[in-house]
Amino acid sequence: ASILDAVSCIVQGMIPYGAQILIAIGLANAQDLQINSFDLIPYLYYPMVLLFLLIFWIFIGQYSRKQKT
């Protein structure tokens, strides 16, 4: 269940019209900055770090299971 939750957070954070990006665009527009959702994708550090850590965690878990058998 935690892997599914992490993957859904990654996908939701990286899709161009997800809630997080729409909020960021709304805040930028409130400051008179005209940006679109694709301008923000290179700055999505949290989902990228979460994806890296999830993949790392899955491989470490598989490695530790192989060591126990």
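Which residues, counting only those in segment 10-28, are open to solvent by 30 Å² or more (accessible area, probe 1.4 Å) and of a type in the set (Gly, Ala, Ser)?
Residues satisfying the conditions are 19, 24, 26.
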In segment 14-35, residue farthest from residue 52 (Cα to Cα) [restricted to those that are outside any helix (DSSP H, G or I) and free of Cβ contacts under 8 Å to residues at least 12 places away in the same chain] = 32
Checked segment 36-47 for anything open to solvent by less than 100 Å² (accessible area, probe 1.4 Å), in contact (Cβ under 8 Å) with a residue 24 or more places away in the chain and either over 21 Å from residue 3 (Cβ atoms) or part of a helix (DSSP H, G or I) (or both); matches are 41, 47
Within segment 51-63, is even one residue open to solvent by less than 50 Å² (accessible area, probe 1.4 Å) and assigned to a loop (DSSP other than H, G, I, E, B)?
-> no
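The values are calculated or read from the model by the stated rules, or taken from the named source; none is laboratory data. Source: prediction; values computed, not measured. Don't worry about glycine lacking a Cβ; one is built from the backbone with ideal geometry, like all the others, and counts go over all protein chains shown. Areas reflect the complete protein model, heavy atoms only, side chains present, ligands, DNA and RNA absent. Shrake-Rupley method; radii C 1.70, N 1.55, O 1.52, S 1.80 Å.
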